[in-house]
Structure formats: structure tokens, C-alpha cells
Amino acid sequence: MKQRATAIAIFWALLLTTMALRAPSFFEFGNLRDIAVTNASALIVATGMTLVIIAGEIDVSVGSQFAVASVIAGTLVKAGLPLPLTALITLFAGACFGALNGFLVTTLGVPSIVATLAAMAFWRELLRWITQGAWVQGLPASFQWMGLSQAHGELAILAASAALFGAFAWAMRHLHCGRAVYAVGSNRESARLAGLPVPLITFSVFTLMGALTAVAAVLDSVRFSQVQSSAGAGLELKAISAVVIGGTAITGGTGGLWGTLLGASVLAVIAPALTFLGINAFWEKAIQGGIILGAIVLERVSKRGGRRAR
Amino acid sequence: MLVENRAGSERALALVIALEILIFAFTGPNFLSTGNAFEIVRLGVELGLLALALSPIIVTGGIDLSVGSMMGLCAVVFGFLWRDLHVPIVFAGLAALATGVAGGALNALLITRFGGAPLIVTLGTYSLFRGIAEGLTRGVENFSQFPPAFLYIGQGYLGGIIPAQALVFVVFAAFFWLLLHRSIYGRALRAIGFAAAGNGDARWAGIPVARRLALSYTLSGFTAAAASLIYVAHLGQARSDAGTGYELLAITAVVLGGASIAGGRGSIWGTLLGLTAIVVLQNGLRVSALPVELAGILTSAILVVTIAISQLRFTPAPEAEEDQMKNSQLAVLSAVIIAGSLIVAGSNWWLVRSIRPAPATGSAAAAPIRHTIAVMPKAKGDPYFVSTRLGAEAAAKELGQDLIWDGPADLDPARQNEVVEAWITRGVDTIAVAVINAPGISTVLRKARAKGIKVLTWDADAQPDARDFFVNQATPQGIGETLADEANRILGGSGDFAIITGALTAANQNEWIRYIKARIADKYPKLNLITIRPSDDDRNRAFSEAQTLMKVYPKMRLIMAISAPAVPGAAEAVKQSGRQDVKVTGLSLPNMCKPYVKAGIADSVVLWNTLDLGYLVVNASRQAADGTLKAGATSMDGGRLGTIGVEGSQVVLGKPLVFTKENIDKFDF
């Protein structure tokens, strides 16, 4: 699966070169910072998704979980709770949503795509029913940017997501529990025979996914002064695409977070890059789909090339 | 063991369906009628075709996420060939089917030759197909006015009662049944799935895996194309957003029917049962006037429970305990369904109770006749319609009327037809619809009128002969021109501006944009519209788009956001950039925009009074129902709104409001 990451890296280099030639203002600090801040939360979700996919599972409910966590955070702050406490409660709630998925998958044996498909519809419709589409408005001024100035708030969001990403990237490579996720994903039965608590690991991965989604929801919400109840629409597809483009195999067991970082940055840059290049928005979805398919084709082609060379 | 297990999950599902029918027979007036049964069949056809297409694929352990997008692409190809290239309609239809085959073959090629995982390949084509459809039509193109003979496929009734498309569905169902259960191909697909589930490879058994897989994905493309033709005939309109989101419901139906997502297990009967469970639930909730959100919640609950039960039964258990297990699991399933039905019944009871104590106003002698007034927004979750609902509820309370408020969760014209059909079955007194798609809904509205139901439209009109009155708050022309005038005022006569719209395919917004462009070409030649960007009705997306626009076009002085969440999104981006020279205007709700209007970032926000609109719709509905508002009237009593003018068959609310710093505090919605 290395090949896919290489293919994407080549594409990435081409895109950046094009931007440098056609629209050099793309590389202005302000623009890069804005793109990074906007996509920080998506990276956190993609981080969790990488773990889930490496473990051989999938979670399509993150978009709905994200919306529910955002509304919970907004409602609690509006009720007068301080932001740190709100963040903790939201984190706990997110972990519970993730744990529910984990329970369905490990204890009840529901395949993860079915369990999380159900969770996706369940949370989204429940939220719709309760809020009837209304936003959380009239939040205290200390909500936006966590009471910091805009510049410091942005820095805090970037630092938090970078720290989370770095910690997971390190842990997945060097810690026992990180390697265990790979073991479970590459062969469940061997992992069990090797003495790993397979259900516990799967359960923990889903719980972490939920917790990370809640963190992402909080970090995303504080960029604004009101919380929209339809947040996170399509987030699951974005996160899965980022992971897959980054070379992690959907069958589990291989891949890693650095690839996901690459995938997430390609996806983050496409929409603004198209605007900078003056390409019509109507073709955006087609281009996104084309990138995923291109990655599959390139991977295969480079694999064949490699074999011939041998 | 396996066969027995399948039969078990089918039995459980049959039980679910029986319970659904039992409950809805009590809660939904006329739910148990032949007409409604055929309506359910009719509405399930497009979804059912996709579910059939997915069944063999899921049996092989694969998946096809691209079927919904494929419907959009085929619809556009069909409409384009017929209308713009004047291809005879039969050949246009064949070309659409060929497109489906080609798309399916592309999936097959990438999966079998390039070794892509089905989930990833079809995730890619899910974006690709929809993207090509949007690119070809630029989002705006909307093909309609198909000949009646074609529309018959989707709207006609054989012998006056059997929906025409049911016949197509039966043919496809029979074909897929033969394929999967009575042919060597079906056996091969099953073997592939079993092997995949057990980490094996069916090639070891001499099965040409690549060719069989290619067959199933290509068939899926073909079937999705057939579904799209029926969809187009059903709605009388071909657009790039056909079939959005259908893939997930179709997968749910197949999996609910006992197919294992890992491969190997699955049957056409199961799929049909799963489909029935979903469609009956949706129709039953609508006929019972219960919140449709319950459909998603209950479907997911039933899905998890049935799968969990069949999974648990898979775990090896001592033979003797087998029967006992079965009973206890059936008991669990029944408990969940009973709990679900209690929720349904409970909320129904609560709904009735919450409506009953209303008629306290007026003396006993002059108690108004209670009519059931059904009102449908374009999309239930849209903040604009949420606030309209508040006005409608206030009116219903004041006038002592029963209000049903229901509609699609997102802008989905097919769902609007379903809801109207359910209301006709239920037997309401008036129907008032904010129309997404005029040619599509007019057929059902005419049907409602023929049954003696008074029909009104609001927000956007249907074909004039399909309704009694149109409550016209402000025409698309009025909105477009007001927005263009505001842009001219803010820019002081000349300058660059950009538009951030909702979804690129949103019909409303595209119409406004047309009038904005026309007005500018006509009256304000020095205004320059640089670009139009989508926000997909997402505040955060609008925020990012506005950020990028400000950098790419430093000379841009105004962002016009024309979807309710986009105005606060764009205004926040301007605020965070610290740019004093860029202003925001657009169409949105006052509460969302208040902070930005007060800070002077959003100079003005345009909207009509949505509370008044909801109030007027219910008021006009009641007067149409009791005959106070007759054809030919020139005015009507608008209650707290005073006298309202009626022009022809249009009830006119007035011009759109322009909210500014000075007046925005007076509005709370």
C-alpha cells in the first residue's frame, strides 16, 4: 500500500507546482493558516478513522456523532457551564457514542458497517427530531476562541490537533497497544492466538473514535459564535477518503497516520485550489472522485512496474 | 444450519412487518386500503430496484455505493439526449441504460483488474458520477416536459389501479431471483462471498471470479439506470440530484433482509422483506401523521436488533439449546418492537392531547369547525422553514384547527409526492405545499383536488390548474431584484461581488440567481458578478468559501450569500479576516445574522416575514376549507395581518423585508 501514498505524493507535488506557477498567492501564510485551522477538526476525525480502519473495521457514523457533540457542547455552554467542564462532558458523551458502536460490534457481533450505518441514521434523525433544525444561538462571548483572542484561539486549535495527531502517530508505531491494533486488523484469529484481547481492542478503538470526534466537534464549534445543528454532514466520507487516499488498506492491518495526514491535506487543499485556479465549482465532486480512482489505478500500475523491475 | 438461520431472520422480519401493519392500522386512517397498499408498492419501486441490484453484490461480499449517483448521471444523460440533441425518447432511454452499464463496468474494471476494494472504488465513483452529472448540467439544467407516454411508466395505473412501475419491478425481481437462486451464476456469486468471508478464494474451486464479479457490478449499473428512468417518469423531471442518498437506504433494505455484509448469505426474498419493512414504516408514519424522523430512528433500531439476533445465532451453540435460543431471541425482538410501537402510540396520543385543548377561544355556539390542515415545507430542517412552522402553529392554535406539519428532511422532490399521497390516504381537509418541483407534484395535487381536498401552494407554486390558491410571499423575481438592488446600494453603483449559494443544484437559488443576473444586466451594468460558489447549506463550508474568495479576489467588495446558513458563515469569515472593505448581504433569518448586522459586517439581510407567512398559509387553508375564500375573491381576512389582497388565485403577502441595523431587533425568528 506504500505505492498509493507514493502516487498521491506525486499528485500532491504536481498540484503544489501548478499552484506555485499559476497562483503563487496561494502560498501566503494567511491562506495556509486558514486552510489548516478549517481542516484541523477533520484531521482529528481522520486520525480516529485511521485506527478504526487499521483495526479492520469502519465507522460511518462520525458525521452524526460530530453534530450531536457540537449541539451538546453549545447547549451546555449556553446553560452557563464553563468551557473546560463542557469540553470534558462532551468528550465523555462522545466516548459513550463510540462505546455504543463498539458494543454493537464486539458483543453483539453486528458487522461494523451495519452497526455504524444504523448509528448514523439514529443520531442524525434523533438530533433533527429534538432540535427541529434550530441552531444554538446566543452563546456567551467567551465561547468563541475559548475566550482567547482570535490569533491565540487559532494557534490553540492548531496546537491541540497537532499534539493529538503526533501522539497517536507515535503511539501507533512505538507502543504495545498501537501495534496491537495492527495485529487485530491483519489477522484477528492470529491476534487472538497470540494472546491479544481482540474484542477489548476493537471496543477501545471505537470508543477512541467517538472521543476524538467529540474533541473535533468542540474545536470546530469554538471557531464560531453559534452552533449549527446540521454540522458534520458528509464528514464520514471525507475522513474515510483521507485515510484511503493516504494508503491505508480498507481490509485492515496496514497503513498509518502519516499517509492520512497526506490524504487529509490533499482533500483540504482541493476546494480552495480550484477557486484559486478559477475552475468552476460544478466539477469539484467529479475531481474528488477522480482522485480516489486515480490513486487506485496508479497504485496498481506502480506495483506492476515494480514487479517487472525485479 | 445456514439455510435454517436465513429462514429465521426472514421469519423475524415478517413478524416486524406484521406488527407495523397492526400498529398503523390503528393509528393511520385508511392505512389498510387497497389504494394505500398499491401506493406503498409504487413508492418503493426506485428504492427496491437499487436494493435488488445490491443483493448479488452484497452476496459476493462486495458493496456498491455509487448506485444513487448513477441515477443522477443517467437521468441527466437521458434528459440531455432527448431535449437538446432531439434523440427519440426510446433511444434516449436506451442510451441512459447504456450509461448505467458503462458506469457499472467501470466499477467492475477497477475492482477486478486494478484490485481496488469495492468500498473504495464505489466511494470514488459515488463522487465521480454525481460530479459529472453536476458538471454537465452546471447544476441548473432541469429537463422536463416529457411526452405523456413516457410519464405513464412512473405515474400511470394499469387498469386504473395497479401502478405501472410495479410491473417493471416484478420483472426485475423475477430476473434477480432467477439469477441468484436458480442459476449457476448465483451459485458462483454465493461461493465467492463464502470464500471472501472465510479469507479464501473461490478461484480455487474453478470459479471465474473476476468475470462473475464484473457481471454483478455491471448489472447493478444497468438496474440503477432503469431506476433512474422510473424516477424521471415519476417526477416528470430529470435533474442531477436524482437518487441522492438512496444508496444507504437500499443497503439497509438488503442487510435487513438477512444478507451478510461479509458475503455468502443473502436472498431476494429477504431483500424484498427488508424493503417492505422500511417502506411500510415510512408510509405508516406519514399516514399516521407522526414525525418522519421516527422512521430513521426505528429503522436503525430494527436493523441492529435483527442483525444482532442473526449474528448471535451464528455463534456455535449446543444443539439442545437451539430452540430455546430462538424463542428468547424472538422475545427480545418482540420486546424491541413493542417498545417502538409504544413510542409511536405514545407520541400519537400526546400529539392528539396537545391539539385537543386548543378551542378555548370563542363561545360555545360559535366554536369553529375543526379542519385538518396539512402543510408541507420544502425541507423540514431548514431554519427558514422551521420559523415558518412557528407562525403556522400559532395560527392553528388561534383558529382552533388541527395542523399536520410534515415534509422531506432535505430538498427531495420524490419525498414530497410521498407525503401528499399519504395525506390523501389519510383524508385531510386541505393540503398546502411549498413546491420543490412543479411538474412532479402537480399530478398528485390534481389527484387530491379530485378527491375534494382543497389544495394550496406556498413559497413556490405548482402548475396553476393543480391548486386552488397560491400564497405568494414574494416571487423569485421579487427576491432576485431586491437582492440586486441591495447589492447596487451597498457597492454604490459599481464593483465586484461574488455569490455563495446553497447546493449547486438547488432550484430556488438558481432561479434567484437568474433574476439577479437579469436585473444587473438590465439596470446596473457596472456591477460585476465574479463567481458563484456552493455552500451545500452548511455554515462552515460557506465560511471557508468566503475566506478563499477574499484572498483570490482582493478587489471583491461584497459577498451575497443566498442560503440561510451561508450569511452567518460568510459574515464570520469577513469578521475574522478583519477586512473593513468587504460587506455581506443575502437572504437569511434575522436571529442568525443579528450579531453581524449589528457589527456592520452584514449590511442588510433580505427576507419576508416567515412567521407571517406560516400564519397566512394556515389561515388561507382554513378559509378555503370552509368556503370563505372562494375563487374570484379579491381580498381575504388575514386575522392579525389585517386584510390581505387576492389577485386572481394568488394570495399576496407583500414585498420582502430588508433587515438592517435599525430594524433587526424588532424581529425574533
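The values are calculated or read from the model by the stated rules, or taken from the named source; none is laboratory data. Please read all numbers here as calculations on a predicted model, not as lab measurements. Because the Cβ atoms are built from the backbone with ideal geometry, glycine has one as well, and the counts that use them run over all protein chains shown.
Below are the figures for this structure:
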item: Residues satisfying the stated conditions in region B:397-417, i.e. at pLDDT 90 or above and either basic (Lys, Arg) or in the same structural domain as B:Met71 (by TED's automatic domain parsing) (or both); result: B:Lys397
item: Yes/no for B:Ala448 being touching a residue at least 24 places away in the same chain (Cβ under 8 Å) and outside any loop (DSSP other than H, G, I, E, B); result: yes
item: B:Phe146, sole failed condition from (1) out of contact with any Leu (no Cβ under 8 Å at 6 or more places or on another chain); (2) within 30 Å of A:Val244 (Cα to Cα); (3) of a type in the set (A, V, I, L, M, F, W, C); result: (2)
item: Lone qualifier among B:Ile479, B:Ile500, B:Ile490 - being in contact (Cβ under 8 Å) with a residue 60 or more places away in the chain, among the β-branched types (Val, Ile, Thr), within 14 Å of chain A (Cβ to nearest Cβ) and within 12 Å of B:Gly586 (Cα to Cα); result: B:Ile500
item: Enumeration of residues in region A:234-255 that are more than 8 Å from chain B (Cβ to nearest Cβ) and at negative phi; result: A:Leu235, A:Glu236, A:Lys238, A:Ala239, A:Ala242, A:Val243, A:Ile245, A:Gly246, A:Thr248, A:Thr254
item: Of residues in region B:503-535 being charged (D, E, K, R) and buried (at least 20 other Cβ atoms within 10 Å of the Cβ), the one nearest to the other protein chains (Cβ to nearest Cβ); result: B:Arg533
item: Qualifying residue in region A:88-95 (condition: aromatic (Phe, Trp, Tyr) and at pLDDT below 95); result: no
item: Residue count for region A:139-174, restricted to those that are within 30 Å of B:Thr388 (Cα to Cα) and surrounded by 12 or more Cβ atoms within 10 Å (Cβ to Cβ); result: 4
item: Matching option when the condition is crowded, with 23+ Cβ neighbours inside 10 Å, more than 14 Å from every other protein chain (Cβ to nearest Cβ) and of a type outside the set (Lys, Arg), among B:Leu97, B:Leu43, B:Leu85, B:Leu15; result: B:Leu43
item: Long-range neighbours under 9 Å by Cβ, at least six apart or interchain, first residue without any contact (Cβ under 8 Å) to a residue 24 or more places away in the chain and exposed (fewer than 15 other Cβ atoms within 10 Å of the Cβ) within region B:620-644, second of a type in the set (Asp, Glu) and in a strand (DSSP E or B); result: B:Thr628/B:Asp637; B:Thr634/B:Glu647; B:Thr643/B:Asp637
item: Every residue from region B:382-397 that is of a type outside the set (A, V, I, L, M, F, W, C) and either surrounded by 21 or more Cβ atoms within 10 Å (Cβ to Cβ) or within 13 Å of chain A (Cβ to nearest Cβ) (or both); result: B:Asp382, B:Pro383, B:Tyr384, B:Ser387, B:Thr388, B:Arg389, B:Gly391, B:Glu393
item: Residues satisfying the stated conditions in region B:107-116, i.e. in a helix (DSSP H, G or I) and touching a residue at least 24 places away in the same chain (Cβ under 8 Å); result: B:Asn107, B:Ala108, B:Leu109, B:Ile111, B:Thr112
item: Subset of region B:580-629 (residues that are in a helix (DSSP H, G or I) and either among the basic types (Lys, Arg) or on the phi > 0 side of the Ramachandran plot (or both)); result: B:Lys594, B:Lys598, B:Arg622
item: Count - residues of region B:112-145 that are buried (at least 23 other Cβ atoms within 10 Å of the Cβ), more than 7 Å from chain A (Cβ to nearest Cβ) and under 14 Å from B:Phe80 (Cβ atoms); result: 2
item: Criterion violated by B:Val471 - all others in (1) in contact with a strand residue (DSSP E or B) (Cβ under 9 Å, 6 or more places away or on another chain); (2) outside any loop (DSSP other than H, G, I, E, B); (3) surrounded by fewer than 23 Cβ atoms within 10 Å (Cβ to Cβ) satisfied; result: (3)
item: Output for region A:223-278, where each listed residue is part of a helix (DSSP H, G or I) and among the aromatic types (Phe, Trp, Tyr); result: A:Trp258, A:Phe276
item: Lone qualifier among B:Ile453, B:Ile479, B:Ile490, B:Ile441 - being at pLDDT 90 or above and closer than 26 Å to B:Ser563 by Cβ; result: B:Ile490
item: Residues of region A:279-300 that turn out to be outside any helix (DSSP H, G or I) and within 8 Å of chain B (Cβ to nearest Cβ), as a count; result: 1
item: Test result for B:Gly264, in contact (Cβ under 8 Å) with a residue 40 or more places away in the chain, surrounded by 24 or more Cβ atoms within 10 Å (Cβ to Cβ) and either within 14 Å of another protein chain (Cβ to nearest Cβ) or not in a helix (DSSP H, G or I) (or both); result: no
item: B:Ala289 vs. criteria among the hydrophobic types (A, V, I, L, M, F, W, C), in contact with a strand residue (DSSP E or B) (Cβ under 6 Å, 6 or more places away or on another chain) and at pLDDT 60 or above; result: yes
item: Members of region B:115-149 that are of a type in the set (A, V, I, L, M, F, W, C) and farther than 15 Å from B:Ser240 by Cβ; result: B:Ala117, B:Leu119, B:Ile120, B:Val121, B:Leu123, B:Phe146, B:Ala149
item: Filter result for B:Ala205 (closer than 30 Å to B:Leu403 by Cβ and either among the small types (Gly, Ala, Ser) or not assigned by TED's automatic domain parsing to the domain that holds B:Phe176 (or both)); result: no
item: Residue in region A:97-129 that is nearest to the other protein chains (Cβ to nearest Cβ), counting only those that are touching an Asp or Glu at 6+ places or on another chain (Cβ under 9 Å) and surrounded by fewer than 18 Cβ atoms within 10 Å (Cβ to Cβ); result: A:Trp129
item: Residues of region B:536-564 satisfying the condition of being part of a loop (DSSP other than H, G, I, E, B), more than 7 Å from chain A (Cβ to nearest Cβ) and touching a Pro at 6+ places or on another chain (Cβ under 7 Å); result: B:Asp537, B:Ala564
item: Test: A:Met146 is under 23 Å from A:Val222 (Cα atoms) and either more than 13 Å from every other protein chain (Cβ to nearest Cβ) or in contact with a strand residue (DSSP E or B) (Cβ under 9 Å, 6 or more places away or on another chain) (or both); result: yes
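The rows are residues; the columns are (1) modelled with pLDDT under 85; (2) not hydroxyl-bearing (Ser, Thr, Tyr).
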residue	(1), (2)
B:Ser577	no, no
B:Gly586	no, yes
B:Lys594	no, yes
B:Gly600	no, yes
B:Asn619	no, yes
B:Gln623	no, yes
B:Gly639	yes, yes
B:Gly642	yes, yes
B:Val646	no, yes
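To keep it simple, each residue is scored yes or no on (1) basic (Lys, Arg); (2) under 20 Å from B:Ser260 (Cα atoms); (3) part of a helix (DSSP H, G or I).
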site	(1), (2), (3)
B:Ala166	no, no, yes
B:Val171	no, no, yes
B:Ala174	no, no, yes
B:Gly186	no, yes, yes
B:Phe194	no, yes, yes
B:Arg203	yes, no, yes
B:Arg211	yes, no, yes
